[in-house]
Every structure is written in C-alpha cells, then in structure tokens.
C-alpha cells in the first residue's frame with residue numbers, strides 16, 4: 001500500500017508542476033503535451049493497482065502446465 005501512496009504522491013506533484021508550467025503564457029504551448037504524460041501516468045498507476053490487487057487476491061491460480069503458465 002505504501003507503494004501506491006508513493007505513486008499517487010509523485011503523480012500529484014508532477015500534475016501540479018505541469019499545471020503551473022502550462023499556464024505560463026510563453027512556455028505553455030510547448031509544455032502542453034506533458035498533460036498527456038500525466039494522464040498516461042495516472043492510467044498506469046491504476047493498472048498497477050489492479051495488478052497488485054489481483055496478485056494479492058485469492059483468485060490467482062498457481063502456475064501449472066495445464067493452464068499454460070509453467
């Protein structure tokens with residue numbers, strides 16, 4: 001869970017800095033694509049959370065030759 005908090009904290013800090021930078025009248029246009037990076041990072045964070053939850057759940061089956069994982 002601490003890793004999730006770290007990811008969220010870093011992502012929020014990046015988001016705040018990007019918002020500040022993109023609001024600048026001159027540099028804003030050049031830095032606007034960074035907003036896409038923040039969206040992508042948030043999506044990756046969500047996927048990682050889901051993967052971690054699955055890996056820690058009881059739904060996960062052990063790898064065997066029968067199910068093609070071993």
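The values are calculated or read from the model by the stated rules, or taken from the named source; none is laboratory data. If you're wondering where the values come from, they're calculated on a predicted model, not measured in any experiment. Cβ sites come from the backbone with ideal geometry, for glycine too, and all protein chains shown count toward neighbours.
Observations, loosely collected:
- The stretch 18-46, residues that are modelled with pLDDT of 90 or more and either more than 24 Å from residue 6 (Cα to Cα) or surrounded by fewer than 14 Cβ atoms within 10 Å (Cβ to Cβ) (or both): 39, 40, 43, 44, 46
- Within the stretch 19-53, being out of contact with any helix residue (DSSP H, G or I) (no Cβ under 8 Å at 6 or more places or on another chain) and outside any helix (DSSP H, G or I) holds for 23, 25, 26.
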